[in-house]
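The values are calculated or read from the model by the stated rules, or taken from the named source; none is laboratory data. Remember, predicted model here, so these are calculated numbers, not experimental data. Here Cβ is always computed from backbone atoms with ideal geometry, including for glycine, and neighbour counts include all displayed protein chains. Remember, those area values only see protein heavy atoms, side chains included, never the ligands or the DNA or RNA. Shrake-Rupley method; radii C 1.70, N 1.55, O 1.52, S 1.80 Å.
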Amino acid sequence: MITGKNYIGNTLSNLGSKTFSTFNPKLSIENEWVFYEASDSEVDKAIELAVDAFKVYGTFSGKAKAEFLNQIIYEIEALGNELIDVYCKETGLPEGRAKGERGRTMGQLKSFADLIEEGSWVEPIVDTALPHREPVAKPDLRKMMMPLGPVAVFGASNFPLAYSTAGGDTASALASGCPVIVKSHPMHTGTGELVASTIINAAKKTGMPNGVFSNLNSSGISIGEKLVKHPKIKAIGFTGSLKGGKSLYNMAAKRDEPIPVFAEMGSVNPVILLPKALKDKGENWAKTYAGSITLGVGQFCTNPGLVFAIKSPELDDFIEVLSQEILKIEPSCMLNPKIKKNYIKNNSEVVAQKGVSTIVVKEKTKDNFASQMIVAVSGEEFINNKTLHTEVFGPFSMIVKCMDKRQLEDVISCIDGQLTGTVISEDSEISDFSKMISILQNKVGRLIFNGVPTGVEVCPAMQHGGPYPASTDSRFGAVGTSAIKRWVRPISFQDWPNKLLPNELKDENPLQINRMINGNFSKSSLKR
């Protein structure tokens with residue numbers, strides 16, 4: 001049941017006087033629930049509880065934390081259709097998308113539960129003492145990853161489940177041993193409260209300390225600012241716009257104790273169409289990309305917003321087929337009127353730029369439904385105008401027509417960091433574009449061959465992050481089990497008595513995990 005209140009630890013609270021509601025974009029009406037924005041005192045209390053919880057939770061075994069994460073899965077499942085119904089009312093997205101995202105969310109929780117139950121993720125390293133080494137004795141040194149402390153997570157507008165309340169940031173932070181305070185997204189606060197209730201129920205049933213999780217409602221930016229600036233918050237997880245992520249990043253850097261902000265801020269995800277691939281399979285790729293550009297109404301951070309190719313009759317044919325296929329696809333509802341408004345504003349700004357021509361646009365859509373659009377520009381104009389490099393969040397893509405191979409390399413060189421880069425090629429021509437591939441590789445976090453960027457597989461080998469401004473730290477990603485590394489730091493123990501060491505570093509290796517011992521991986525125990 002939705003109460004509209006905040007979870008301050010395991011207590012429902014509504015001390016604030018400001019209220020707001022979410023919006024049903026499909027019906028273009030406000031939803032029935034009223035939400036109470038968290039007060040300053042509630043924010044402070046949530047942080048205070050998280051600090052106290054960390055003293056206990058940060059020491060819990062991987063098995064205990066895994067039980068907690070697995071119980072969250074059961075609680076989400078128990079919500080049944082109530083969660084799906086609220087999700088659809090707050091997003092305008094179809095039931096199938098809601099169920100798919102719910103499955104992904106539960107799958108992420110399970111992958112982190114398995115990871116921490118096994119235990120080797122803490123990267124234990126043991127370098128034993130050499131007391132008789134000359135001229136100086138070597139001490140016994142043992143290192144492993146330890147959690148940072150309370151983490152603030154910002155819910156994402158376009159993924160109410162997988163990147164929000166119990167999404168990848170929250171799941172990975174809880175797995176690492178960090179309590180989490182979520183700033184729920186104002187567009188899907190009801191969905192957020194339902195999921196928050198599952199985490200609270202799971203925490204109670206598995207004996208987690210009060211404060212291991214809190215959920216704060218907010219219609220604006222003040223709650224987020226207070227979280228980022230609070231000296232007891234040790235890291236931030238954010239998925240959203242470049243403007244929002246950059247603001248949080250700068251704010252955190254100005255603290256007396258700067259903290260890491262792991263922000264994934266979107267991308268235009270360039271696609272390079274090579275000549276032979278266009279000649280041999282241009283029609284097929286045009287049909288494929290019509291679907292990718294409009295998938296989820298273009299509201300994915302991996303939407304293919306740029307297509308680079310060398311001018312040719314085959315490129316003209318590709319554009320013709322792409323235009324026909326785009327017009328066949330019925331427009332869909334965007335997540336919120338604000339997102340629709342920004343989509344119109346941003347694509348209008350691009351179309352107004354010198355040299356930009358509209359190839360196709362789907363006209364006459366309903367309220368909050370998006371008109372998919374394809375535009376084109378020359379390579380020269382693209383290089384000279386940074387406005388053309390920015391993301392248009394929605395079913396929009398720009399084709400950049402390059403004069404030759406050299407200009408193709410130049411346009412790739414001038415773009416900023418991206419989440420993905422895709423190369424469409426025949427095997428026989430790829431070697432002729434090795435320099436281009438090298439340039440692209442240094443711009444992206446994921447390099448795709450003959451595919452589409454939309455669709456992010458959740459597995460350890462996935463890298464969902466890229467050079468700035470795609471994300472604030474290209475060494476880390478927001479998807480897959482490696483995301484846990486964002487919330488930990490290494491600590492070394494020098495000459496500590498065995499009985500006082502963490503179990504991961506003890507001589508007898510009671511957890512039977514894989515450790516690096518004097519340069520070699522082993523599960524063996526040690527004898528002093």
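A few remarks follow.
- Rounded to the nearest 20, the size of the Cβ-charge dipole of the chain about its Cα centre is 980 debye, with Lys and Arg at +1 and Asp and Glu at -1.
- Vicinal HN-Hα couplings computed from phi for segment 290-295 (Karplus, 6.51 cos²θ - 1.76 cosθ + 1.60; Hz; Gly/Pro x): 4, x, 5, 5, 9, 4
- Kirkwood Rh and Cα Rg combined as Rg/Rh, the chain: 1.01
- Counting Lys and Arg as +1 and Asp and Glu as -1 over every other residue whose Cβ lies under 11 Å from the Cβ of Ala470, the net charge comes to -2.
- Within the accessible area of segment 138-246 (1.4 Å probe), percent carbon and sulfur: 59
- Based on DSSP H segments of at least four residues, each scored -39500 (n - 2.57), the chain has a per-residue ellipticity at 222 nm of -11500 deg cm²/dmol.
- Rounded to the nearest Hz, the phi-derived 3J(HN,Hα) couplings of segment 90-95 under the Karplus curve 6.51 cos²θ - 1.76 cosθ + 1.60 (θ = phi - 60°) are 8, 10, x, 7, x, 4, where x marks glycine and proline.
- Taking amide H as placed 1.01 Å from N in the peptide plane, Ser378 has its amide H under 5 Å from the amide H of Lys401, each at least 5 places away in sequence or on another chain.
- The antiparallel fraction among DSSP beta bridges confined to the chain stands at about 40%.
- Kirkwood radius and radius of gyration were both taken over the C-alpha atoms of segment 187-252, and their ratio Rg/Rh is 1.01.
- Entries of Lys232/Lys443; Lys5/Lys99; Lys99/Lys226 with Cα pairs more than 30 Å apart: Lys232/Lys443; Lys99/Lys226
- Couplings 3J(HN,Hα) for segment 202-207, derived from phi with the Karplus relation 6.51 cos²θ - 1.76 cosθ + 1.60 (θ = phi - 60°), are 5, 4, 5, 6, 10, x Hz, where x marks Gly and Pro.
- Cα convex hull, segment 308-385: 99 Å³ per residue, rounded to a whole number.
- Cβ-Cβ FRET estimate between Ser474 and Thr358, R0 fixed at 56 Å, reported to 0.05: 0.95
- Note on segment 1-71: percent of Cα-Cα distances in each 10 Å bin, starting at 0 and stopping at the bin with the largest distance, equals 17, 31, 28, 19, 5.
- Relative contact order of the chain: 17 percent, from C-alpha pairs under 8 Å at least 6 residues apart in sequence.
- In this structure, the amide hydrogen of Gly417, modeled 1.01 Å from its nitrogen in the peptide plane, lies closer than 5 angstrom to those of Ala470, counting only residues at least 5 positions away or on a different chain.
- Taking amide H as placed 1.01 Å from N in the peptide plane, the amide H of Leu306 sits under 5 Å from that of Val271, Met398, each at least 5 places away or on another chain.
- Under 9 Å, Cβ to Cβ, from Ala162 - net charge with Lys/Arg +1 and Asp/Glu -1: +1
- Equivalent ellipsoid semi-axes, segment 255-365, via Cα gyration tensor eigenvalues times 5, rooted, Å: 29, 20, 14
- With contacts taken as Cα pairs under 8 Å at a separation of at least 6 residues, segment 259-361 carries a relative contact order of 31 percent.
- Excluding same-chain neighbours fewer than eight residues apart, the aspartates and glutamates reachable from Lys386 by a Cα-Cα span under 13 Å are Glu349, Asp416.
- Between 0 and 90 degrees, the angle of helix 40-57 with respect to the longest Cα principal axis of the chain falls at about 60 degrees.
- Straight-line cross-link partners of Lys523 among the lysines, defined as a Cα under 16 Å from its Cα and at least 8 positions apart when in the same chain: Lys143, Lys506.
- Viscosity 1.567 mPa s, temperature 4 °C, Stokes-Einstein D of segment 259-319 from Kirkwood C-alpha radius, µm²/s: 100
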